[in-house]
1. Give A:Ile256, A:Ile205, A:Ile250 a once-over and let me know the one that is touching a helix residue (DSSP H, G or I) at 6+ places or on another chain (Cβ under 9 Å) and modelled with pLDDT under 95.
2. Would you be able to tell me the number of residues in segment B:14-38 that are under 30 Å from B:Ala105 (Cα atoms) and either facing chain A (nearest Cβ under 9 Å) or touching a Phe, Trp or Tyr at 6+ places or on another chain (Cβ under 7 Å) (or both)?
3. So how many residues does segment A:119-176 have that are more than 27 Å from A:Glu251 (Cα to Cα), in a helix (DSSP H, G or I) and either under 15 Å from the mean Cα position of the chain (by Cα) or within 13 Å of chain B (Cβ to nearest Cβ) (or both)?
4. Just checking, does segment B:143-151 include any residue being over 25 Å from B:Ala224 (Cα atoms) and not basic (Lys, Arg)?
5. Give me the helices (runs of 4 or more DSSP H) completely within segment B:141-231, filtered to those with at least 2 residues that are under 17 Å from the mean Cα position of the chain (by Cα) and modelled with pLDDT of 95 or more, ordered by residue number.
6. So which of B:Glu47, B:Glu111, B:Glu106, B:Glu57 ends up being of a type in the set (D, E, K, R) and either assigned to a strand (DSSP E or B) or within 14 Å of chain A (Cβ to nearest Cβ) (or both)?
7. Tell me whether segment B:86-94 contains one or more residues that are more than 30 Å from B:Leu182 (Cα to Cα), more than 13 Å from every other protein chain (Cβ to nearest Cβ), out of contact with any Cys (no Cβ under 6 Å at 6 or more places or on another chain) and assigned to a helix (DSSP H, G or I).
8. If you go through segment A:211-236, how many residues are in a helix (DSSP H, G or I), free of Cβ contacts under 8 Å to residues at least 60 places away in the same chain and surrounded by 15 or more Cβ atoms within 10 Å (Cβ to Cβ)?
Amino acid sequence: MSVIAPFHGFGLALRRTHYTDFLETQVPVDFVEVISENYMVEGGKPLRILEETRARHPVILHGVSMSVGSAQGLDEDYLERLAALAQRIDPLWVSDHLCWTRTSAHNSHDLLPLPLTAEALDVVCANIDRAQEKLGRAMLFENPSSYLTFPEDEMSEWAFLSEMARRTGCYLLLDVNNVYVSAQNHGFSASEYFAGLPLDRVRQIHLAGHTPATGERSLVIDTHDREVCDEVWDLFREVAALTGPVATMIERDDAIPPLSELLDELGRARNIAVNAEQARAA
Amino acid sequence: MSTLAERQAEIMASLLDEDRPLPANLGRRHEAGLQIYRNNYRTALVEALRSTFERTERLVGEASFARAAAHHLITTPPSSWTLDLAGCGFADTCADLFPHDREVAELAWLEWAMHLSFVARDSSPTNLAGFAQATAEFGPADWEGLVLRFAPGIDLRTVHHDLKALWSSLNEGEGEADIVPLDTPATVIVWREAERPVFLAVTQAEGDALASMIAGASYGQACAAMAEALGQEQAVETAGAMLGRWLGEGLVEGLA
């Protein structure tokens, strides 16, 4: 499978409320990430916006519906459209999530957790092989937030991801917030998680916010609707020291603030990464 | 079925039916987590419907719309990989739920047709001059056999209310919905002008002719059907004006 060279830069997710900013001003980012499915359409304004954005910035296609964990395999129509979009946009890379979203009959439109079993690993690897073959390129897969583990689990999530990357040649998109959320919900150590990953396969880092647990609800919810919290910044500091320079971005999916607020957060990420790199070099 | 496939079928069934008992081997510890996934599923889909059917929501009110959306998710759970198609069939759901208020289903259909045309394939319409040039040498038989290609994403439907008035009255911040029944049913045509979905109301006779030509009928066949409905004299008059309107509005992509 093809090699994805490291890309050292800082970016933001493109959201509708910021279209004008990205098309009419010089937004100081090194790349832009878009939700693939929003542009897997026949024509119209969304594709025009994406093409104009692509003319100004490198673009990453980040999907939410590949359903790489589906026991029934991948949706060939979906793959066809994704491949066409990738050909049209020539992205830095194409990514999706370690999860499943659909059965043969229905689609949940949510990133559902997989049982961490050898059987699921076989399914995921076969599906990734198919996707990478169709796209003609290696992909990145992101660790999900989860609220559920299964009695049949046979391995840790980091062991699953490591073996998945080893067998398929795919790369990893490490969402530090998702690690935090799942660590809180399932009681594992985020540091142990990082230590268990093949960090040389990490090509991108996501930073985001979440909704904390409450007195009535013990689970932390990955809402991506607020600023990155201090605990996640601490984890980013820890992982940045381990990975070295990696494409890093702030991901906000809901309650989208003015662009300036996201750029401030991105500036903080940049400072942490630069400090980590200086410490590594010293 | 594999163990994984069985597990996924169970989880999916639990999302679709909130009253369903917990899947096998999952205990109380898992219930809170499953509840979050159920909530995510419902919230994402209802939000998708609200975003697509903004005016329909304003027409029926938030509470009624929420009930209709929840009903739609039960009767028509999503099967496509794209959330953008979650509203497929919602106009039919509205027709079932609001049988005495037909304007609700008509408006929902209009919003859905515009939603689809928004991302239809790009194309450039043929204008009157281009069409005149393409048909300059046409004889009677050529006109009889003329078949047209129409704008991608074009759709049409018979309606019983003035949707233009209803649409305008439901702009954000406007007052009461303007529900005006029509004396005779009309046809509303939806297509996209550059990047903007638009619609137009025409007579049912014209709508029938357009529907038949979109389905592949020739101009001659459409005119013959129109003559049967309107009489020869009126059909001749209407057919010419109709073709001019389709070209002027940008509904025609070219000659097939």
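The values are calculated or read from the model by the stated rules, or taken from the named source; none is laboratory data. Model, not experiment: these values are computed from the prediction. Note: ideal-geometry Cβ built from the backbone for every residue, glycine included; neighbour counts use all protein chains shown.
1. Result: A:Ile256 is the single residue among A:Ile256, A:Ile205, A:Ile250 that is touching a helix residue (DSSP H, G or I) at 6+ places or on another chain (Cβ under 9 Å) and modelled with pLDDT under 95.
2. 2
3. So the count comes out to 6.
4. no
5. By residue number, B:163-169, B:204-214.
6. The match here is B:Glu47.
7. no
8. 4
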